[in-house]
Amino acid sequence: MTDVTDVTVLSGEANEHGYKPFSIGEFNFSRDEHFVHVTWPSGTHVTAAEPFLKALMRDVAWNFFYGTVNFDAVLGTTNHYGNVDLFAGRFNEAYRKAELDHMENFPHDEIKATFTAMLSDWTNATFDPFAAPMETGSAYGAKSGNNDAAVTRTRVTAKRMVGMPDDEPLRTDESGYPVNRAFHDVDQSQPVVEVEPGYENEVSAYNFFAYLSRSDVTWNPSVVSVCKDSLYCPTTEEFILPIIHGNDRVEWFIQLSDEIIWEVEDLKTGTPRAKVVMKAGDCASMPADIRHRGYSPKRSMLLVWENNSPAIPDMIARGEASVVPVKF
Amino acid sequence: MAEYQTVYGSLDNFTKGGVEVINDDPKNYVFSNMFDVASRSKPWEKVAIGKNLEYVVECIRAEGVSEWRVTPHDEFALVVDGEVVIDLIDPSSPLVDPDASGSRALAGEPEGKKMGRVTAGHGHMTLLPAGRCYRMSASSPSVVLLQTIHGPDTIERWAEICQKY
Ligand SMILES: [Fe+2]
């Protein structure tokens, strides 16, 4: 995570519902018992507090992720790795035609600090934006406490592989990661690892499915293994991906258990392009010119596979890399 | 409360989803199924099911005993069906350029120190460390997903494995 320092967050007095308003550039954000209201010079937007906070949680925890994080069909951010666009209607054909769209660019630290403060102030004690619907209380109502313990969780990022010495630890009951209610049938046995003296830092294996079965969050890809810029970012999924992800590079999905249905839209306009139904063992790419949102009927194991190379967005812009991974 | 059942695929039992086109070409999604691929592979063929520039995810049908291989960079082997035993050797002299991509086959067992052995079952992930040699064996047909870089033995047969229409 990037540390955010020396940044002023613009917020005001709490309103009658107990929530502070926030502003950044010409965007203003406020919330009431049910809704979040956003204004910018050429328009306004209203959205329910729960989906907004779930999207905001991912944007903050992922440091704006790869490419575009659409909160919904209107609002979102695009990561330029060091600075971030905040937009309304920018990737919505109707808003563009009506010239109601608006976009401003902010230094990473400024928007990160603003979003982090907003997430903290607007999340009540009962609500966990990372949790599946059946595992959290309500996001709605007047301000009531906070859940900073939940909203400050970040992505796990292993340096080489989970479970290795000096790397991300395995999850256990003792470390506060019990097996999720939907994964009680996932085998918890560990591989048999026989190591000759002196090779303790190289001979290593772990039960990756058991590790995933103990994830306490949904829709939060976390790095478990690193081959140069090739990152395995598995995640457990239940209900609906809280954002519509518009990638700036090709992304791959490998469905390890159960099923996810992906809705795919054009990146810039939001026009529907395809539905991708992925069952256990299925493998599919998401092209770099689309945006996608997943629906997971039962908590499932999804391996998100990313190429972390910082050169890719420019390579695609210059036409040196294709928006699809393979032509056949 | 109903007990949930986690559904995995296997060589013996898998169901494919697919791309339902609205306004698109299904080939854009390079859609395949690892168990479908492995069920039609020869033992130890390294068939790419995912590719992102130089990086690949290979689907390997593990059956019998593999050749010894040396990898110039870390690779990660995930057993997605069956059980695979992985033996590791630290070669007495370097056998591959550390800047090379993908693992190389070796002629016979390399000279060097035995590092250890991993017996990896369903869902287990094993590090295949950079510069070291490994051999896999599986007493019954199993499937390994390998996180690696495109190398001399990577097989690309997209038109045979992917949804086209
Ligand atoms: Fe995505």
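Overall, chain B carries a charge dipole of about 200 debye about its Cα centre when +1 sits on the Cβ of Lys and Arg and -1 on the Cβ of Asp and Glu, all other atoms neutral.
Please compute, for peptide B:124-135, the average count of beta-carbon atoms on other protein chains lying within 10 Å of each residue's beta-carbon.
That works out to 5 on average.
Restriction of the GluC sites (Glu not before Pro) in segment A:167-211 to DSSP coil positions whose beta-carbon has at most 12 other beta-carbons within 10 angstrom yields A:Glu174.
Ordering A:Phe22, A:Gly43, A:Pro169 by Cα displacement along the dipole of chain A toward the positive end leaves A:Gly43 in first place; charges were set at the Cβ atoms of Lys, Arg (+1) and Asp, Glu (-1). What you get for segment A:283-328, charging only the Cβ of Lys and Arg (+1) and of Asp and Glu (-1), is a dipole of about 340 debye around the Cα centre. Once you reduce segment B:70-149 and segment A:254-271 to the center of their Cα atoms, the two points are 33 Å from each other.
Mind checking A:266-276 for the average number of partner chain beta-carbons within 10 Å of each residue's beta-carbon?
If you average over the peptide's residues, the count of other-chain Cβ atoms is 4.
Once you order the gyration tensor axes a ≥ b ≥ c over the Cα atoms, which shape class does segment B:44-156 get: rounded for a/c under 1.5, otherwise prolate or oblate by comparing a/b with b/c? Here segment B:44-156 falls in the oblate category.
Positive contributions from Lys and Arg (+1) and negative ones from Asp and Glu (-1), summed over other residues with Cβ under 13 Å from the Cβ of B:Pro141, come out at -2. For the protein assembly as shown, list log₁₀ I(q)/I(0) at each q in 0.06, 0.08 Å⁻¹, using the Debye formula over Cα point scatterers of equal strength and ignoring solvent, two decimals each. Evaluating at q = 0.06, 0.08 Å⁻¹ gives log10 I(q)/I(0) of -0.28, -0.50. A simple spin-label model places pseudo-atoms 7 Å from Cα toward Cβ; at B:Ile155 and A:His34 they are separated by 5.9 nm. A straight chain from A:Thr154 to A:Ser175 at 0.36 nm per residue would run longer than the Cα-Cα distance by 5.9 nm. Using a cutoff of 8 angstrom between alpha carbon atoms and counting only pairs six or more residues apart, the relative contact order for segment A:43-182 works out to 18 percent. Putting +1 on Lys and Arg Cβ atoms and -1 on Asp and Glu Cβ atoms, find which of B:Pro94, B:Ser39, B:Leu78 reaches farthest to the positive end of the dipole of segment B:1-155. Of the listed residues, the answer is B:Pro94. Counting every C-alpha pair in segment A:4-151, the share spaced more than 24 angstrom apart comes to 28%.
The Cα-based radius of gyration of segment A:50-94, divided by its Kirkwood radius, gives an Rg/Rh of 0.96.
When you restrict to C-alpha pairs under 8 Å that are six or more residues apart and normalise by the size of chain A, the relative contact order lands at 14 percent. Of the residues A:Ser257, A:Thr269, A:Val223, the one whose Cα sits farthest towards the positive end of the charge dipole of segment A:212-272 is A:Val223 (charges of +1 on Lys and Arg Cβ, -1 on Asp and Glu Cβ, taken about the Cα centre).
Relative contact order for chain B: 33 percent, from Cα pairs under 8 Å spaced at least 6 residues apart, divided by residue count. Think of each Lys and Arg Cβ as +1 and each Asp and Glu Cβ as -1; about the Cα centre, that makes the dipole of chain A roughly 760 debye. Using every pair of separate Cα atoms, the Kirkwood estimate puts the hydrodynamic radius of segment A:209-314 at 14.0 angstrom. Between A:Trp305, A:Trp122, A:Trp219, which gets the highest mean-square fluctuation from a Gaussian network model of chain A, Cα cutoff 10 Å? Evaluated over chain A, the most mobile residue of the options is A:Trp305.
Solvent exposure of B:Asp25, expressed as accessible area, is near 70 Å², computed with a probe of 1.4 Å over the protein chains only.
The values are calculated or read from the model by the stated rules, or taken from the named source; none is laboratory data. Keep in mind that this is a model prediction, so the values were computed, not measured. In this analysis, Cβ positions are derived from the backbone assuming ideal geometry, glycine residues included, and neighbour counts consider all displayed protein chains. Note: accessible area is taken over every heavy atom of the protein model, side chains too, but ligands, DNA and RNA are not part of it. Shrake-Rupley method; radii C 1.70, N 1.55, O 1.52, S 1.80 Å.
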